[in-house]
Amino acid sequence: MHHGQTLFNQLKRVQGACDSPLTDLGKQQAKQAEDYFAQKEINFAAAYASTQERACDTMEIIRPDQVYTRKKGIKEWNFGLYEGAPEYLNPPHKAGEESYGDFFLDYGGESVDQVEKRMTYTLTQIMENLKGENALAVSSGGALYSFYLKWRQEKDQRPTFSNCCILIYEYQDGKFYLQTSIDPGK
């Protein structure tokens with residue numbers, strides 16, 4: 001799932017490897033996700049969060065009594081010199097492309113493929129270790145989108161990547177299948 005709204009989200013700043021705290025709205029969004037999981041009686045065999053403060057704080061609101069593991073492999077996309085810049089400076093996507101591709105490599109950041117590979121590696125490792133049990137992983141929008149681009153199926157409707165959205169994937173035979181996306185605030 002995606003973390004709650006942060007100060008940089010509110011200020012419309014690029015936020016990747018850099019970090020900013022959750023806003024009051026971000027904390028409310030995390031609380032709504034906590035309520036969603038409680039209403040649906042969803043429990044997790046394991047919980048993981050990116051090493052970034054925004055993901056850890058979201059996790060601690062959602063699962064206050066559950067021990068979780070911090071994982072660098074599910075951190076947000078590193079945007080290099082664009083970190084902290086106004087979002088309007090992000091480049092437009094090239095015609096026919098759905099991501100920034102390798103644009104940020106020239107500025108000390110990561111490519112979409114690098115982000116997807118570390119997300120896939122980390123999440124596969126988590127799921128292989130759980131052997132069929134479920135897990136909660138809190139990450140960020142760009143990283144989640146990169147992962148989605150790798151594993152989407154033709155039938156998939158593009159999910160929302162809003163703050164605190166929940167993306168439910170099934171893991172089977174080394175592959176991830178998007179089942180649904182949920183915005184607990186709606």
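The values are calculated or read from the model by the stated rules, or taken from the named source; none is laboratory data. Computed from a predicted model, the values in this text were never measured in an experiment. Cβ: placed from backbone, ideal geometry, glycine included. Neighbour counts: every protein chain shown. These area figures cover heavy atoms from the full protein model, side chains too; ligands, DNA and RNA do not enter into them. Shrake-Rupley method; radii C 1.70, N 1.55, O 1.52, S 1.80 Å.
Listed values, structure above:
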| read-out | value |
| --- | --- |
| Verdict on Gln157 being open to solvent by 30 Å² or more (accessible area, probe 1.4 Å), more than 20 Å from Glu34 (Cα to Cα), among the polar types (S, T, N, Q) and in contact (Cβ under 8 Å) with a residue 24 or more places away in the chain | no |
| Residue within the range 77-85 that is hydroxyl-bearing (Ser, Thr, Tyr), farther than 24 Å from Gln28 by Cα and open to solvent by 80 Å² or more (accessible area, probe 1.4 Å) present | no |
| Among residues of the range 160-170, those that are under 10 Å from the mean Cα position of the chain (by Cα) and either open to solvent by 40 Å² or more (accessible area, probe 1.4 Å) or among the hydrophobic types (A, V, I, L, M, F, W, C) (or both), counted | 5 |
| Matching entry among Leu89, Leu22 (being open to solvent by less than 40 Å² (accessible area, probe 1.4 Å) and among the aliphatic types (A, V, I, L, M)) | Leu22 |
| Scan of the range 33-53 for residues that are in contact (Cβ under 8 Å) with a residue 60 or more places away in the chain, charged (D, E, K, R) and either surrounded by 15 or more Cβ atoms within 10 Å (Cβ to Cβ) or out of contact with any Pro (no Cβ under 8 Å at 6 or more places or on another chain) (or both), ordered by number | none |
| Ala143, sole failed condition from (1) under 20 Å from the mean Cα position of the chain (by Cα); (2) farther than 13 Å from Glu76 by Cβ; (3) not aromatic (Phe, Trp, Tyr) | (2) |
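Table: residues versus (1) open to solvent by less than 50 Å² (accessible area, probe 1.4 Å); (2) touching a Pro at 6+ places or on another chain (Cβ under 9 Å).
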| position | (1), (2) |
| --- | --- |
| Gly109 | yes, no |
| Asn134 | no, no |
| Gln172 | no, no |
| Thr180 | no, yes |
| Lys186 | no, no |
